[in-house]
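Notes follow the structure.
No lab work stands behind these numbers, since they all come straight from the coordinates. Only a predicted model underlies this, so the values are computations on that prediction, with no experimental measurement involved. Ideal geometry is used to build each Cβ from the backbone, glycine not excepted, and the neighbour counts take in all protein chains shown.
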Amino acid sequence: MGRPILRVEQNGQEVSSVVQTLRELFTQYGSDKASLGYGEVYETYFAPMVTDKVTLLELGVYSGASLRAWKDYFPYGTIAGLDSDTFPEVENVVVHRGRQNDKELLESLANEYKGFDIVVDDCSHQWEDQQASWEALWKHIRPGGYYVIEDLGTSLDPTPDRWHRDPAAIDTLEYLSHIMRQVIGDHMLVGSMEFMHFYPNICLMKKRIR
């Protein structure tokens, strides 16, 4: 896919400029999303949105590298983060403190931002947390928007006990397989889902445009 084009007005004239790719931005800011190949995946879906006023929430902040990349990639967008650990300040980005499995907090954030165009879950990678966040936030994805769960490899870890707290918990890949069955059957719960796409370590879901 070609590089996205950003068109802005200068002195009454429209000027076009090439936006850095997400891989370039992830590399520039030191996000491991670059080496994991996530940039190329996201470019496929997000490039047409670079000039939109998107609202993006990333669960998990760590060094703030990917938040900086998102802010550069979506210069007209509103970028927010959520983390329970210590996190750095990121210019022009609001980072909220809290846990990703706190459904009341997620509901509050969704109401504050009036929904999201993109949610990226790169937080604890714990199975129950990944599932709780999806259950709380999927209904708040705007039509045509995306929900992404990263680092699904935790579902395949040969020593999985560190990725769940409840012995009866199912891994997130199995959880997503149940959702996939509902998508195929156009079940009411996820009837608004246009598709689920899987890549190495990623599941990306798109909200249907009604």
Phi-derived 3J(HN,Hα) across segment 119-129 with the Karplus relation (6.51, -1.76, 1.60, θ = phi - 60°), rounded Hz, x for Gly and Pro, is 10, 10, 9, 10, 9, 6, 6, 6, 4, 4, 5
In terms of Cα to Cα distance under 25 Å, which lysines are near enough to Lys33, apart from those fewer than 8 places away along the same chain?
-> Lys53, Lys71, Lys206, Lys207
In terms of the alpha carbon gyration tensor, root eigenvalues a ≥ b ≥ c, rounded if a/c is under 1.5 and otherwise prolate when a/b exceeds b/c or oblate, segment 50-207 is oblate
For a label point 7 Å along the Cα-to-beta-carbon line of Ser108, residues of segment 85-101 with backbone N under 13 Å = 96-100
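For each of Met196, Met49, Met205, count neighbouring Cβ atoms within 10 Å of the residue's Cβ, then give the residues from fewest to most. Show your work: numbers first, answer last.
Numbers: Met196 17, Met49 20, Met205 23.
The fewest-first ordering by Cβ neighbours comes to Met196, Met49, Met205.
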Please report, in debye to the nearest 20, how large the charge dipole of segment 50-207 is about its Cα centre when each Lys and Arg carries +1 at its beta carbon and each Asp and Glu carries -1 there.
-> 460 debye
For segment 92-99, in order, what is each residue's ³J(HN,Hα) by Karplus, 6.51 cos²θ - 1.76 cosθ + 1.60 with θ = phi - 60°, in whole Hz (x at glycine and Pro)?
-> 6, 10, 9, 10, 9, 9, x, 9
Sorted by chain and number, the residues with a modelled amide H under 5 Å from that of Val54, at a separation of 5 or more or across chains, are Gly77, Thr78
When the charge dipole of segment 50-207 is computed with +1 at the Cβ of Lys and Arg and -1 at the Cβ of Asp and Glu, the Cα pointing farthest to the positive end, of Gln126, Ala136, Leu156, is that of Ala136
For Leu25, Leu56, ascending order of other Cβ atoms within 10 Å (fewest first) is Leu25, Leu56
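Count the net charge of all other residues whose Cβ sits under 10 Å from the Cβ of Tyr73, scoring Lys and Arg as +1 and Asp and Glu as -1.
Summing Lys and Arg as +1 and Asp and Glu as -1 gives -1.
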Amide H proximity to Gly144 below 5 Å, modelled H, separation 5+ or other chain, gives Lys207, Arg208, Ile209
